[in-house]
Every structure is written in C-alpha cells, then in structure tokens.
Amino acid sequence: MKTSLDHLPRLRRRHLQYVLKVLLEEFERKIERGTQAWTRNGRILNVILFGSFARGDWVDSPSTGYLSDFDILVVVNHTKLTDKAEYWEEAEDRLTRRHLIDIRFPEINVVLHDYADVNDQIARGRPFFLNLVRDGVALYEAKGFPLAKPGTMPPEIIREETIGNYEGWLPDAESALQLAKVASEGGSRKWAAFMAHQAAENAYACVMLTLTLYSPHTHNIRDLRKKAEDLAPELRDVWPARNGLSRRCFELFKDAYIKARYSPRYRITDEELAYGFARLEDSMVLVRQVCERHIDTLR
C-alpha cells in the first residue's frame, strides 16, 4: 500500500489532512464517553484513501459541476465500532458542513470495517480489498497491526459470484421501477418515490457487486451513486449536475427512503416522478451494458 499523497494537488492534501483530523478527534471524543469494554479500548487502526483520488483518476469538472468524492476506509479494532449512527455521526456531520461551506471541499464517503474482517477479506482474495491494498494510500496506520498477505480467489468463484450478483440485483432494480410507475399511476406518489429509491439502490449495488463483489451497507443512494459512477463513469451523465430539476428529483428519491414512509410533509409532484423515472430507465440501460461488458471479460 502507498503512503505518499504527492500525486495530489496541495489543496487536496490539505483537505485530506483535515478529514483525518476530524475522524481521529471525533472518534476520541466518542470513546471517552463510552462505558462498554469495546468503547473504552476502542482504537482506529487504519485510515485509508481509496478510489479515484488514490488511483489518480479523479474528476474535477467545473463545466459539469462534477467533483469526485474522497473515499475513506476506516479500520477499527472491534466490529461494534463500525456502527455509523453510534460512533461516527458527529464526524460525518462536521465533514458535511465543511463541504456545504466550501464547494471545493469534496464530499466524503466513509466505509467502516473491523480489523479482523479486513484481513480476512484480503487473505481470501476478495477483489475490492485487493484493489484497496494495491491502489490505496495509508493516511494513518497504528503500529503492530499489519494487513494480511493478499490471497487469490479462484477465477471460477469470481465468475460465479459476478454473474449471480448481476442476475439477482438488476432484475430487482427493474421490478422496483415498474412498481414505482404502478404506484404513480394509482396516485400514490409517496410510495412511488420510495420504490424509485429502491430501484436506484439496487441498480447502483448491482454495478458495485458485479464489478467488485462488494457494496457498502448503506441505503444512501447519493453515496452508492458516487461509488458506482467511480467504477462506471458513463453513469455520471444520467443525473446532470447542472440541471436543477435533476438535482431536486434525485434528492427527493434519496429522502424517500425515510421521509416518504414516515414524514407527513414529504411532497413530490407528478412532473418530478416522471422526470426521475426517465433518468432511472436510462441508468438501467447503462447498468446492463456496464455489467455485461465486465462479464464478457471474465469469459
């Protein structure tokens, strides 16, 4: 794994220093108040930059408004410390506020795993974790906790899992979109928006699971979208960043996972649903192309 950020502009290096500072500070504050053994003895063992900024192929396009995210893996010493709501909400809030104040500061996607799980995945040769070891940049490493030696996953197992993921997740995404349309036609806009969220979530998960055999445990389709777009750049054009209707509809679909079910104030119009459905249809076509192209390379 690399340790140098010399391939990044000075501004991005400063941004990453701030990200690391926030993660360490907020985690320390959280465990200071803890009473459980895993909290009192809690430690961050690794903070690793992965994805486009680690590889060097990030996108920063003022003309389209697209800026790649910082993808950060945090490795802790106990599985219970990977609970985002319990231990990482304050850190994510601080980083989100910084992004909202400074548009040049990238959004942050934090992925959490415990040390035993990461080493198990590396030793088994899981593609996502092998890519992490190959391309990742260590921002922080605790002494005495080395990562495992990369193993090899049999090609036939990779192929079997890849095809299984594609054949399982994309049909679910397409079915969810059809249910969203039925709900919309029946006048149930909230239910239509919720099912549209499910369609997007399954489509983005399909891309990640087909291409890397890994998808983070989240229902936040903004995070899933950025990770899928990192793997398949053609998906970036589905939701134009400079289009106000596009941004609004995507946010409404993102919020629908909770608010469409539980908030009486959630509202979405027929126009917004129709526009969002069209974008989802386009994304399904591209997801199919991306995944089948990848499967062809395995054959």
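The values are calculated or read from the model by the stated rules, or taken from the named source; none is laboratory data. Since we're looking at a predicted model, the values are computed, not measured. Virtual Cβ from ideal backbone geometry, glycine too; neighbours counted across all protein chains shown.
Annotations
- Taking the criterion of being closer than 11 Å to residue 75 by Cα and either surrounded by 15 or more Cβ atoms within 10 Å (Cβ to Cβ) or free of Cβ contacts under 8 Å to residues at least 40 places away in the same chain (or both), the residues of region 140-153 that qualify are 141, 147.
- Qualifying residue in region 183-204 (condition: over 17 Å from residue 255 (Cα atoms), in contact with an Asp or Glu (Cβ under 9 Å, 6 or more places away or on another chain), among the aliphatic types (A, V, I, L, M) and surrounded by fewer than 24 Cβ atoms within 10 Å (Cβ to Cβ)): no
- Residue 175 over 19 Å from residue 285 (Cα atoms) and surrounded by fewer than 22 Cβ atoms within 10 Å (Cβ to Cβ): no
- Pairs linking a residue in region 284-299 that is among the hydrophobic types (A, V, I, L, M, F, W, C) to a residue that is surrounded by 12 or more Cβ atoms within 10 Å (Cβ to Cβ) and not in a helix (DSSP H, G or I), with Cβ atoms under 9 Å and 6 or more positions apart or on different chains, are 286/232; 286/238; 287/232; 290/232; 291/232.
- Enumeration of residues in region 159-194 that are aliphatic (A, V, I, L, M) and either without any contact (Cβ under 8 Å) to a residue 12 or more places away in the chain or in the same structural domain as residue 72 (by TED's automatic domain parsing) (or both): 182
- Some residue of region 12-23 being in contact with a Gly (Cβ under 6 Å, 6 or more places away or on another chain), among the β-branched types (Val, Ile, Thr) and surrounded by 17 or more Cβ atoms within 10 Å (Cβ to Cβ): no
- Taking (1) in contact with a Cys (Cβ under 7 Å, 6 or more places away or on another chain); (2) modelled with pLDDT under 95 in turn, residue 173 satisfies each apart from (2).
- Some residue of region 144-155 being touching a Lys or Arg at 6+ places or on another chain (Cβ under 6 Å), over 30 Å from residue 243 (Cβ atoms) and not in a helix (DSSP H, G or I): yes
- Residue that is nearest to the chain's Cα centre (by Cα) [pool: residues in region 86-143 that are of a type in the set (S, T, N, Q) and closer than 19 Å to residue 24 by Cα]: 109
- Residues that are surrounded by 21 or more Cβ atoms within 10 Å (Cβ to Cβ) and touching a residue at least 60 places away in the same chain (Cβ under 8 Å) within region 214-263 comprise 226, 227, 230, 253, 256, 260, listed in sequence order.
- Any hit, region 154-164, residues being of a type in the set (Ser, Thr, Tyr) and either under 16 Å from residue 50 (Cα atoms) or buried (at least 18 other Cβ atoms within 10 Å of the Cβ) (or both): yes
- Meets criteria (under 14 Å from residue 197 (Cα atoms), surrounded by fewer than 20 Cβ atoms within 10 Å (Cβ to Cβ), within 18 Å of the chain's Cα centre (by Cα) and among the aromatic types (Phe, Trp, Tyr)) for residue 275: no
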